[in-house]
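Every number in this text was worked out from the coordinates using simple rules, so none of it is lab data. Owing to the predicted nature of the structure, the values given are computational and were not obtained by experimental measurement. In this analysis, Cβ positions are derived from the backbone assuming ideal geometry, glycine residues included, and neighbour counts consider all displayed protein chains.
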Ligand SMILES: [Zn+2]
């Protein structure tokens, strides 16, 4: 399995700094950076107040939890000892330590991977579980899928919305991780249209993951990492996907009616990209919110991205990948002629639109809001004699499994065009 997030090594740190809740420290070393992740100039470290537990036992405070650029890190020796005492066996996975002063830390990502554990976050911490996925991991199917023709799937409007009626509560983020694991196990690759800053003016929320460190945002980042590790290609879906009084994902951001000047738009696109880079993601594409863009705005995005994930509106016929040449590079426009799954009753409609694309030799490409399948994903604890967390994706009734199955019948798999 690919590992996207790895721990970073950073320079020495003044002990006095530990008394300060938030401080910045220079990053001097970073190893094993897949996808060419750039080294952040500094990492921001904050003390993480909360609880990490496993089978009712709480990690001792000596393990000094930290948020490092928003991700959870734990003092390595104390944490490993705690899990050794609880007979949690190690996997073959080798964790990359993160050194602060003389002390080694381990990310929650590496910890769970190296111990075969599944984290469940809540607002005050995280519970670790042994777990079982309720489907068979089929290495052969995964390999066979690599030989097939290509279709495109994009998971849409992924955002760190911490409100109570969010489509991304802790419970729903866990289900999104199950979806990612299922897709990864089927050998499917997909794109993730991520909105880097969630805004809700009504509720007075501006949630920037690079500024607010808490257990909710740590959960979101962990989930984004799991998506990336299981075949997800992270791209940017605007900066906030809103303006004025609208909430993220409901509003537009760019397009003809946008209140922003071209200079402000360029700044927003750059800021979105900077957030991705800061968090260690290579922003592989840009998608305008609700596809709203003008020619001038498209040219700004073309400066910063090689892939614009929507129909190139000035090209005909529609439904095919278009290439455009800027002064110094080419830009690929990837359309979604099958549109999106409109509701949970639209599976047949989607399959019909995909058939139509296929008959017309268009790109077979759709986008999907993960919440449509959450009813068909369950995460239950203590259902096995070992007390494992059982993670199930109803492959009979799930919308996404039905679409993947149809692709397989057509000898296609989901992947990316670039
Ligand atoms: Zn959107």
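Points to keep in mind about this one:
- For the chain, modelled as a GNM whose springs connect Cα atoms under 10 angstrom apart, the maximal fluctuation among 162, 370, 201 occurs at 201.
- Fraction of antiparallel bridges per DSSP, the chain only, in percent to nearest 5: 60
- At R0 = 35 Å, FRET efficiency that the Cβ-Cβ distance of residue 134 and residue 263 yields, to 0.05: 0.10
- For the chain, the longest principal axis of the C-alpha atoms and the axis of helix 347-359 are separated by about 60°.
- Centroid-to-centroid separation of the range 329-362 and the range 190-238 [C-alpha atoms, Å]: 25
- In a fully extended conformation the segment linking residue 397 and residue 102 would gain 101.0 nm over its present Cα-Cα distance, using 0.36 nm per residue.
- Residue 360-residue 124 FRET efficiency (beta carbon distance; Förster radius 41 Å; 0.05 resolution): 0.20
- Listed residues 98, 82, 215, most fluctuating in the chain (Gaussian network, C-alpha, under 10 Å): 82
- Anisotropy class of the range 242-319 from Cα gyration tensor, a/c 1.5 cut: oblate
- For the pair residue 345 and residue 316 in one chain, pulling the backbone fully straight at 0.36 nm per residue adds 7.3 nm over the alpha carbon distance.
- Helix 215-229 vs. the chain, principal-axis angle (Cα, 0 to 90°, nearest 10): 60
- All Cα-Cα distances of the range 133-414, cut into 5 Å bins from zero to the largest, leave 1, 5, 12, 16, 18, 17, 14, 9, 5, 2, 1, 0, 0 percent in each bin in turn.
- Structure-based [θ]222 nm, the chain - -39500 (n - 2.57) summed over DSSP H runs of at least 4, per residue, nearest 500: -8000 deg cm²/dmol
- Crossing angle, helix 262-278 versus the chain [Cα axis fit, 0-90 degrees, rounded to tens]: 40
- In nm, spacing of pseudo-spin labels at residue 306 and residue 250 (7 Å Cα→C-beta vector): 3.8
- Potential lengthening between residue 49 and residue 271 on full extension [0.36 nm per residue; Cα-Cα distance subtracted]: 77.0 nm
- Within the listed set 395, 256, 359, the residue fluctuating most in the Gaussian network model of the chain (springs between alpha-carbon atoms under 10 angstrom) is 359.
- Theoretical FRET efficiency, 1/(1+(r/R0)^6), r = Cβ-Cβ of residue 206 and residue 164, R0 22 Å, to 0.05: 0.80
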